[in-house]
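Peer 1: Can you keep this structure in mind? I'll have questions shortly.
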Amino acid sequence: MTTPRYKRILLKLSGEALMGDQGFGISPSMIKYVAREIRSITDIGCEVAVVVGGGNIFRGIAASSYNMDRASADHMGMLATVINSLALQDALEHSGVQTRVQTAISMHEVAEPYILRRAVRHLEKGRVVIFAAGTGNPYFTTDTAAVLRAQEIHAEMLMKATKVDGLYDSDPAINENAAFIKHISYMSVLERQLKVMDMTAISLAMDNDLPLVVFNLSDEGSMLRVVCGESVGSRIDNVTDGKNRVDRTAAVSESYH
């Protein structure tokens, strides 16, 4: 059996990742694929927590631009993440993976409330824990929630699944000469305002020295390779040599987010 390099990780999935080729909602084939990928790393003994976005159903920031109250819009977005989390839980359990959903907003009939000690206990028993409803507060994204939960459960790494190979210096869907960045510091991400995660999330990861790995979800087996320590995608951490290694490769045509 392959031995994982990381004992406990947190996986950040965007809501859009669950759409597959659809323009809205949840793709049954895509969510089954994600469940298989997650099982591949639980099977080798890695403890997995997940934070899922809700952009495939509702995006609070976009709604607030149409004069909807931002707090109300964000609460609707949180509920969208619960829908995605329950769908992923079902797919994981059909794959034979015991799973628990914990929500930052109390809804006892459908999920457990978020309780840190209970979440850690689930992880120790080999269950996947899905953290839904963000932080429970408006004005905070699921990216920030992912970093926060990763720190609380003492995850060794945060894995952000995207539609591209990793981090680029500009949107490769717009700029065909976008440069792929293999390794970069948190501070450089902030200074260059690279749109990999929101700035609050990057700052929180930097303050707590939480390494981030950005990888292509659609590349089958990539999740397992990251957990086993292979150099996959882009890594963001406290680079000590002060140099950011940039590899100019052919940019992919997919969406940057």
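Peer 1: Could you list the chymotrypsin sites (Phe, Trp or Tyr not before Pro) in segment 12-74 that lie in coil according to DSSP, counting only those with at most 12 other Cβ atoms within 10 Å of their Cβ? Can you show the working numbers first?
Peer 2: On the way: sites: F24, Y33, F58, Y66; in loops: F24, F58, Y66.
Passing sites in segment 12-74 are F24, Y66.
Peer 1: Using alpha carbon centroids, what distance separates segment 89-121 and segment 153-226, in Å?
Peer 2: When both Cα centres are located, 26 Å separates them.
Peer 1: Still on this structure, I have one more. Under unit Cβ charges (Lys, Arg +1; Asp, Glu -1), what dipole magnitude, rounded to 20 debye, does the chain have relative to its Cα centre?
Peer 2: Working: 26 positive and 30 negative charges, 107 e Å.
Its charge dipole is roughly 520 debye.
Peer 1: At q = 0.14, 0.16 Å⁻¹, what log₁₀ I(q)/I(0) does a Debye calculation on the Cα points of the chain give, no solvent, two decimals?
Peer 2: Reported log10 I(q)/I(0), two decimals: -0.93, -1.24.
Peer 1: Percent of Cα-Cα pairs per 10 Å bin, from 0 to the last occupied bin, for segment 25-95, please list those.
Peer 2: Histogram of Cα-Cα distances, whole percents per bin: 20, 40, 25, 13, 2.
Peer 1: Hey, can you grab everything whose amide H is under 5 Å from the amide H of V50? Only 5+ residues off in sequence or another chain; H modelled, so Pro and N-termini drop out.
Peer 2: Distant-sequence amide H within range of V50: L11, V129, I130, F131.
Peer 1: Still on this model: Loop-only chymotrypsin sites (Phe, Trp or Tyr not before Pro) in segment 108-211, please: DSSP not H, G, I, E or B, and at most 14 other Cβ atoms within 10 Å. Walk me through the numbers before you get to the answer.
Peer 2: Working: sites: Y114, F131, Y139, F140, Y168, F180, Y186; in loops: Y114, Y139, F140.
Filter output for segment 108-211: Y139.
Peer 1: Separate question: Say a site is exposed when it is one of the trypsin sites (Lys or Arg not before Pro), sits in a DSSP loop, and has at most 14 other Cβ atoms within 10 Å; what is then the longest site-free stretch of the chain?
Peer 2: Values: sites that count: R5, K7, K125, K195, K243, R248.
Counting only loop sites that pass the neighbour cut-off, the longest clear stretch is 8-124.
Peer 1: Can you pull out the GluC sites (Glu not before Pro) in segment 13-121 that DSSP calls coil and that have at most 11 other Cβ atoms within 10 Å? Each step should come with its number before you reach the end.
Peer 2: Details: sites: E16, E37, E47, E93, E109; in loops: E109.
Sites meeting the loop and neighbour criteria: E109.
Peer 1: Past 22 Å, Cα to Cα, is the threshold; run K125/K160; K12/K32; K12/K163; K160/K182 against it and keep the listed order. Don't skip to the end; give the middle numbers.
Peer 2: On the way: K125/K160 24 Å; K12/K32 17 Å; K12/K163 13 Å; K160/K182 14 Å.
Distance filter (> 22 Å) returns K125/K160.
Any read-out appearing in this document is the output of simple, stated calculations on the displayed coordinates, not a laboratory observation. Not measured: the values here are computed from a predicted model. FYI the Cβ positions are ideal-geometry reconstructions off the backbone, even for glycines, and counts take in every protein chain you see.
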